[in-house]
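Chemist: Pasting a structure below so you can have a look.
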Amino acid sequence: MSQDPVTRAQQRENEDPEEAVRPMPLVALLIAAAMVVWAVIYILNTEPLTLSQYGDQRTRAELSGPAAPAAGAAVDGKAIFAAQCAACHQATGAGLPGVFPPLDGSEWVQGEPRVLANILLHGITGDITVKGNKYQGAMPSFAQLSDAELAGVASYIRSSWSNKGDPLDAKLFEDERKAGADRKTPFEGEAALKALTQ
């Protein structure tokens, strides 16, 4: 009992851990070594890093996406519809009841071509009746699309599903764009659209 309190406190402490006391488990060491060997073999068996095709072997042309259509080439109205319109009007053209009006069987799609052209060019807000059902909402303008693209999508919806309308020409959209150049807002309801035909 002659030991001082500091010495007794030190004797109660555990030894500092050392690798010799708790070495790395042999299984973990073998797994790490196997992974390193596998990585070296994999690298040696792959193509040299000097080639231009690295990961999935796609060519530059495949990575750059589809080429722009040549001047005068036919526009794919179905592709434009899928990209710009199908989110609201659905791929079937049936729309969403009470929210987005249908294009399939719509009197606005199959009716006066000037009206359809102006809907696409300027958009519409407010009440519109389609196939006997009232819709309240807003459709944006698609004036950012070219006349040929607008004609392509209009022709697609006029001849798809149960619609049997004739295709529309880009000249119609060019003329309506010029005629409505001063319009900066969408048409307000179906009354404003009907006024186009009077």
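The values are calculated or read from the model by the stated rules, or taken from the named source; none is laboratory data. Because the structure is a prediction, the values reported are computed rather than measured. We place every Cβ from the backbone using ideal geometry, glycine too, and count neighbours over all the protein chains shown. SASA here: full protein model, heavy atoms, side chains in, ligands and nucleic acids out. Shrake-Rupley method; radii C 1.70, N 1.55, O 1.52, S 1.80 Å.
Chemist: Does the stretch 162-185 contain at least one residue that is part of a loop (DSSP other than H, G, I, E, B), among the hydrophobic types (A, V, I, L, M, F, W, C) and touching a Leu at 6+ places or on another chain (Cβ under 9 Å)?
Modeler: The first filter runs over the stretch 162-185 and keeps only residues part of a loop (DSSP other than H, G, I, E, B), leaving 162-169, 180-185.
Filter again for among the hydrophobic types (A, V, I, L, M, F, W, C), leaving 168, 181.
If we keep only those that are touching a Leu at 6+ places or on another chain (Cβ under 9 Å) too, we end up with 168.
Yes: the stretch 162-185 contains one or more residues that are part of a loop (DSSP other than H, G, I, E, B), among the hydrophobic types (A, V, I, L, M, F, W, C) and touching a Leu at 6+ places or on another chain (Cβ under 9 Å).
Chemist: Within the bounds of the stretch 115-126, is there any residue that is touching an Asp or Glu at 6+ places or on another chain (Cβ under 7 Å) and within 19 Å of K164 (Cβ to Cβ)? Break it down into steps so the answer makes sense when it comes.
Modeler: So the first thing to find is which residues in the stretch 115-126 are touching an Asp or Glu at 6+ places or on another chain (Cβ under 7 Å), and the list is 117-118, 121, 125-126.
Now restrict to residues that are within 19 Å of K164 (Cβ to Cβ): 117.
Yes, because at least one residue in the stretch 115-126 is touching an Asp or Glu at 6+ places or on another chain (Cβ under 7 Å) and within 19 Å of K164 (Cβ to Cβ).
Chemist: Filtering the stretch 147-193 down to residues that are open to solvent by 40 Å² or more (accessible area, probe 1.4 Å) and of a type in the set (K, R), which residue is nearest to A86 (Cα to Cα)?
Modeler: The qualifying residue nearest to A86 (Cα to Cα) is K164.
Chemist: Additional query: Given the criterion modelled with pLDDT under 90, under 28 Å from the mean Cα position of the chain (by Cα) and not charged (D, E, K, R), identify the matching residue among T185, T92.
Modeler: Of T185, T92, the one residue that is modelled with pLDDT under 90, under 28 Å from the mean Cα position of the chain (by Cα) and not charged (D, E, K, R) is T185.
Chemist: Then there's this: Of the residues that sit in the stretch 127-146 and are among the polar types (S, T, N, Q) and not in a loop (DSSP other than H, G, I, E, B), which one is most open to solvent (accessible area, probe 1.4 Å)? Show your work before the answer.
Modeler: Keep residues of the stretch 127-146 that are among the polar types (S, T, N, Q), which gives 129, 133, 136, 141, 144, 146.
In the following step, the residues that additionally are not in a loop (DSSP other than H, G, I, E, B) were identified as 129, 133, 136.
On the way: T129: 33, N133: 85, Q136: 121 Å².
Restricting to residues being among the polar types (S, T, N, Q) and not in a loop (DSSP other than H, G, I, E, B), the top hit is Q136.
Chemist: Sticking with this one: Could you tell me whether any residue of the stretch 147-160 is within 23 Å of K194 (Cα to Cα), modelled with pLDDT of 90 or more and among the polar types (S, T, N, Q)?
Modeler: Yes, there is a match, as at least one residue in the stretch 147-160 is within 23 Å of K194 (Cα to Cα), modelled with pLDDT of 90 or more and among the polar types (S, T, N, Q).
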